[in-house]
1. Write down the accessible area per residue of the chain in Å², having rolled a 1.4 Å probe over the full set of protein chains.
2. First compute the accessible area of the chain with a 1.4 Å probe, then give the percent of it belonging to carbon and sulfur atoms.
3. Name the residue farthest towards the positive end of the dipole of the chain from the options SER55, TRP30, MET122, assuming +1 on Cβ of Lys and Arg, -1 on Cβ of Asp and Glu, about the Cα centre.
4. Please report Rg over Rh for the range 1-95, where both radii come from the alpha carbon positions and Rh follows the Kirkwood definition.
5. At a probe size of 1.4 Å, how large is the accessible area of MET139, to the nearest 10 Å²?
6. I want to check the label-to-label distance for SER57 and ALA144. Put each point 7 Å from Cα in the C-beta direction and report it in nm to one decimal.
7. Viscosity 0.692 mPa s, temperature 37 °C: what is the translational diffusion coefficient of the chain from Stokes-Einstein with a Kirkwood Rh over Cα pairs, rounded to a whole number of µm²/s?
8. Quick one: dipole size for the chain, taken about the Cα centre, charges +1 on Lys/Arg Cβ and -1 on Asp/Glu Cβ, in debye to the nearest 20.
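The values are calculated or read from the model by the stated rules, or taken from the named source; none is laboratory data. Keep in mind it's a predicted model, so treat the numbers as computed, not measured. So basically every Cβ, Gly included, is an ideal-geometry build from the backbone, and we count neighbours across all protein chains shown. Each accessible area value is taken on the protein alone, full model and side chains, heavy atoms only, with ligands, DNA and RNA left out. Shrake-Rupley method; radii C 1.70, N 1.55, O 1.52, S 1.80 Å.
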Amino acid sequence: FYALEVRDDVNAAITAFQNHAEIEPMQAWWAYLGALHLEAGQPADAERVLVRAISVSPTALQYTYLSQALFEQGKDSAARATVAAGLERYPNNEGIERGRIELLYALGDARTADSLSHTFAMHGSDRFPAALQAGFDAMHGKLAEAELHLARAAAARDSSGLVPDALSVTIDRARIRLSVAGDTVGAVALVDRWLADNRSTSVDPRDWPYAR
């Protein structure tokens, strides 16, 4: 983590995680390693790593990243099959369901992706599916519906004590207002209102970069 978070050196981080995987394959951060390969623009390497991961120490997140790696290589059928296999192994897993929706959209089936995203109900402070639902509603110019999804998500995070996450969702809401309605004043006012209601000291300074 030091190589990535402090030095911002993706390749060094890949090497470190790969070395750990070779030594402790059952305890390795396989999904994270696959995600790093994707970040580095190496989908074939991500595929190789994640295929091995699923055979050694499978997790739901590995299927999500593997489907992305396959899609980035133009292996659309294999990407679909990976999502299906993941859901068969981990039924109703929200991470894989999100990956399925995003894959459908990436494959050009926006209508099905939109429809599928709205079949899920938000549970507690979970980000899924509010962010996807808001995104699709915003695409169709449904500003009120999009903002409602995110307002509920922000309120749930506030009530759960997830203050930085609540701020992040509020900023997402402001961005949607800006992009859909071109309402700069309203977008800034949303964030200012949240900051007025939630003292900035309630957010650990280390969390601020993730809420910009």
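1. Per residue, the chain has an accessible area of 54 Å².
2. Roughly 53 percent of what the probe reaches on the chain is carbon or sulfur.
3. Going by the Cα projections, it comes out as MET122.
4. 0.98
5. Its accessible surface works out to 100 Å², give or take rounding.
6. Between SER57 and ALA144, the simple spin-label model gives 5.1 nm.
7. After rounding, the answer is 174 µm²/s.
8. 240
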